[in-house]
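Okay, structure first, notes after.
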Amino acid sequence: MNSCLRADGTTKTSKGEAKVEDKANNAKLKVAFLRPFYGKYWSIDLAADYSYAVVGEPSRKYLWILSRAPQMSWETYETITRRVQEIGYDPAKLIKTPQSQI
């Protein structure tokens, strides 16, 4: 389940169904938020303490940084954007969303 805070202050929650595509490492999934349509979600970076995950897809058109905390340090964000750029994603397309303190 994913949730985010919209600019108007409301929360949007989406529940998806995932299937593992690559059982060797569980990093490549097929996810449907509107069945029967599945998208490819690849885990391309993960913090050692699971505080964030970075998800992309094969065409490199989509990229998400998912954080367990409402705020992420600038240094961590910069490190992530450097790494994803090195593997062909465009971090300039990322949209930072406002987060609330829960």
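Read the figures in this text as sums done on the coordinates, not as results from a lab. Treat the numbers as computed from the prediction; the structure is a model and nothing was measured. Cβ sites come from the backbone with ideal geometry, for glycine too, and all protein chains shown count toward neighbours.
Here are some notes:
- Residue that is of a type outside the set (S, T, N, Q), at negative phi and touching a Pro at 6+ places or on another chain (Cβ under 9 Å), where the choices are 34, 29, 5: 5
- Look at (1) exposed (fewer than 10 other Cβ atoms within 10 Å of the Cβ); (2) touching a Leu at 6+ places or on another chain (Cβ under 7 Å); (3) within 16 Å of residue 95 (Cβ to Cβ) and you find that residue 55 fails only one, number (1).
- Taking residues in the stretch 1-28 that are without any contact (Cβ under 8 Å) to a residue 60 or more places away in the chain and over 23 Å from residue 69 (Cα atoms), and partners anywhere that are part of a loop (DSSP other than H, G, I, E, B) and of a type in the set (D, E, K, R), the pairs with Cβ atoms closer than 6 Å and at least 6 places apart or on different chains are 28/21; 28/22.
- Of all the residues in the stretch 37-73, those that are touching a residue at least 24 places away in the same chain (Cβ under 8 Å) and among the aromatic types (Phe, Trp, Tyr) number 1.
- Candidates in the stretch 20-52 are the residues that are exposed (fewer than 10 other Cβ atoms within 10 Å of the Cβ) and basic (Lys, Arg); of these, the one that is farthest from residue 74 (Cα to Cα) is 35.
- Residue list for the stretch 1-34, filter: touching a strand residue (DSSP E or B) at 6+ places or on another chain (Cβ under 9 Å) and of a type in the set (A, V, I, L, M): 1, 5, 18, 20, 27, 29, 31, 32
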